[in-house]
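The values are calculated or read from the model by the stated rules, or taken from the named source; none is laboratory data. Please read these numbers as outputs of a predicted model, since none were measured by experiment. Please note: Cβ atoms are built from the backbone with ideal geometry, for glycine as well, and neighbour counts cover all protein chains shown.
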Amino acid sequence: MDDTTAAQLNSEERIERLVIEQTVAQIFGINNCDLRRATRGRAHVARARQVGMYLAHVACGKSLTDVGRLFARDRTTVSHACSVIEDGRDDPTFDHVLELLERAVLAMIPSRLGRPRQSAGWLVH
């Protein structure tokens, strides 16, 4: 996330973004910084970013505009990403992976569990 984008996010949004980034990056075998690039990147990186945007919208309940701000993308890009990922859920394996990612993201976001914010301190790199 560039400095301008980071400055626009509150602490809860930063935590959500880091949780989603780290979870998606691990599953897709890419670096967190690849998800933050302004350019689309390779197909597997773009797909991972789309999954991240989808998780922010569906699992975290963020509006398309808010997800766009989190990922430094336009609201219409987020809408397209969510549509692509939703269409991909027709594949049972991909659907299962997304279910697990949704659960993992929700389990790691402290505000969703009523945990104190400092419990997410391991997320900062």
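General observations
- Residue check, Leu55 in contact (Cβ under 8 Å) with a residue 60 or more places away in the chain and within 19 Å of Ala104 (Cα to Cα): no
- Enumeration of residues in region 88-103 that are touching a Leu at 6+ places or on another chain (Cβ under 9 Å) and in a helix (DSSP H, G or I): Gly88, Leu98, Leu101, Glu102
- When residues of region 1-21 are limited to those that are among the hydroxyl-bearing types (Ser, Thr, Tyr) and modelled with pLDDT under 80, the one farthest from Cys33 (Cα to Cα): Thr4
- Hey, Arg75 over 14 Å from the mean Cα position of the chain (by Cα), over 16 Å from Gln22 (Cβ atoms), basic (Lys, Arg) and modelled with pLDDT of 95 or more or not: yes
- Residue within region 63-71 that is touching a residue at least 24 places away in the same chain (Cβ under 8 Å) and in contact with a His (Cβ under 8 Å, 6 or more places away or on another chain) present: no
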